[in-house]
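Below is one structure, written out as C-alpha cells; the observations come after it.
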Amino acid sequence: MYPFFYCLRRCLIIKEIQVNGDIRARQVRLIDPDGEQLGIVSIEKAMEIAEEFKMDLVNIAPKAKPPVCRILDYGKYRYEMMKKAKESKKKQKTISVKELRLTPKIETHDLNTKAKKAKEFLQDGNRVKVSVRFRGREMGHTEIGREVLDEFTELVSEYGEVDKKPKMEGRSMVMFFAPKSEN
C-alpha cells in the first residue's frame with residue numbers, strides 16, 4: 001500500500017479525461033474528427049456516431065454547458081498532450097538563488113574574491129543573495145555593513161542589478177542581485 005502523500009501527489013499529477021462510457025452528461029455538444037460541430041445531441045447518439053467513425057468520444061470541456069465532446073483517437077490525443085507537456089517543461093528555465101555571506105570587517109581582497117564569485121553566478125543566470133552578518137557589538141554599527149554592501153554593489157554592477165535593496169533581517173543585512181537584462 002502506498003503512503004498517503006504519494007497517492008495525493010500522484011492524483012494531482014494525473015488529470016483523467018472522460019472517455020466513452022465515463023461521460024455522465026445526458027446531452028453533449030459534439031465535434032467530429034474534422035473539427036466541424038454536429039450540434040447538441042444525446043450521449044447515446046454521440047456514442048453511435050463515434051462507433052461509426054471507429055474512434056473514441058472524448059470530453060474535452062467537461063465544465064461547459066452542455067459539455068463539449070470530440071470524436072478522436074484517444075491514444076493519439078493522449079500522446080500529443082504528453083508530448084506538449086514535455087516540450088513546455090523543456091523550455092522552462094530554472095533560476096536558483098545563490099547566497100554569499102560577508103562580515104562588516106571584511107578586507108578588500110576578500111570582498112573582491114566574493115564579488116568575483118557573485119559575477120560568475122550572475123553570468124550563469126542565477127540570482128545572488130548577499131548577507132552581512134553582525135555579531136555582538138557590531139549590531140550597534142549597521143551602517144558599516146551598509147557601506148560594505150554599497151562597495152559590493154559597485155564591484156558587481158556591470159553583471160547584475162540590485163533586485164532588493166539592503167534590509168535588516170534579524171542579525172543580518174540582506175540584499176538581492178538579479179542578472180542584468182539584455183535589453
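The values are calculated or read from the model by the stated rules, or taken from the named source; none is laboratory data. Since we're looking at a predicted model, the values are computed, not measured. So basically every Cβ, Gly included, is an ideal-geometry build from the backbone, and we count neighbours across all protein chains shown. Side chains included, ligands, DNA and RNA excluded: accessible areas come from the protein's heavy atoms. Shrake-Rupley method; radii C 1.70, N 1.55, O 1.52, S 1.80 Å.
Within the range 166-175, at least one residue is touching a strand residue (DSSP E or B) at 6+ places or on another chain (Cβ under 8 Å) and among the polar types (S, T, N, Q).
Of the residues making up the range 52-68, those that are loosely packed, with under 13 Cβ neighbours inside 10 Å and farther than 11 Å from Val28 by Cβ are Glu52, Lys54, Lys63.
On inspection, Ile95 fails the criterion of being in contact (Cβ under 8 Å) with a residue 40 or more places away in the chain and part of a loop (DSSP other than H, G, I, E, B).
Residues of the range 59-78 that are at pLDDT 85 or above and β-branched (Val, Ile, Thr): Val68, Ile71.
Taken over the range 167-183, the residue count meeting the criterion of being in contact with a helix residue (DSSP H, G or I) (Cβ under 9 Å, 6 or more places away or on another chain) and open to solvent by 30 Å² or more (accessible area, probe 1.4 Å) is 4.
Looking only at the range 69-94, count every residue that is hydroxyl-bearing (Ser, Thr, Tyr) and either open to solvent by 100 Å² or more (accessible area, probe 1.4 Å) or within 30 Å of Arg135 (Cα to Cα) (or both) and tell me the total.
If we filter the range 69-94 for residues that are hydroxyl-bearing (Ser, Thr, Tyr), which is where we start, we get 74, 77, 79, 88, 94.
Still in the running and either open to solvent by 100 Å² or more (accessible area, probe 1.4 Å) or within 30 Å of Arg135 (Cα to Cα) (or both): 79, 94.
The total comes to 2.
Whenever a residue of the range 101-113 is hydroxyl-bearing (Ser, Thr, Tyr), its partners that are open to solvent by 100 Å² or more (accessible area, probe 1.4 Å), lying with C-beta atoms within less than 7 angstrom and at least six residues away or across chains, give the pairs Thr103/Arg133.
Considering the range 29-51 alone, what residues qualify as being free of Cβ contacts under 8 Å to residues at least 24 places away in the same chain, farther than 16 Å from Gln18 by Cα, open to solvent by less than 80 Å² (accessible area, probe 1.4 Å) and not small (Gly, Ala, Ser)? Correct list: Leu38, Val41, Ile49. Hey, among the residues in the range 95-117 that are in contact with a Lys or Arg (Cβ under 8 Å, 6 or more places away or on another chain), closer than 23 Å to Met168 by Cα and of a type in the set (A, V, I, L, M, F, W, C), which one's most open to solvent (accessible area, probe 1.4 Å)? Result: Val97. Residues in the range 137-166 that are free of Cβ contacts under 8 Å to residues at least 40 places away in the same chain, closer than 20 Å to Gln123 by Cβ and surrounded by 17 or more Cβ atoms within 10 Å (Cβ to Cβ): Thr153 alone.
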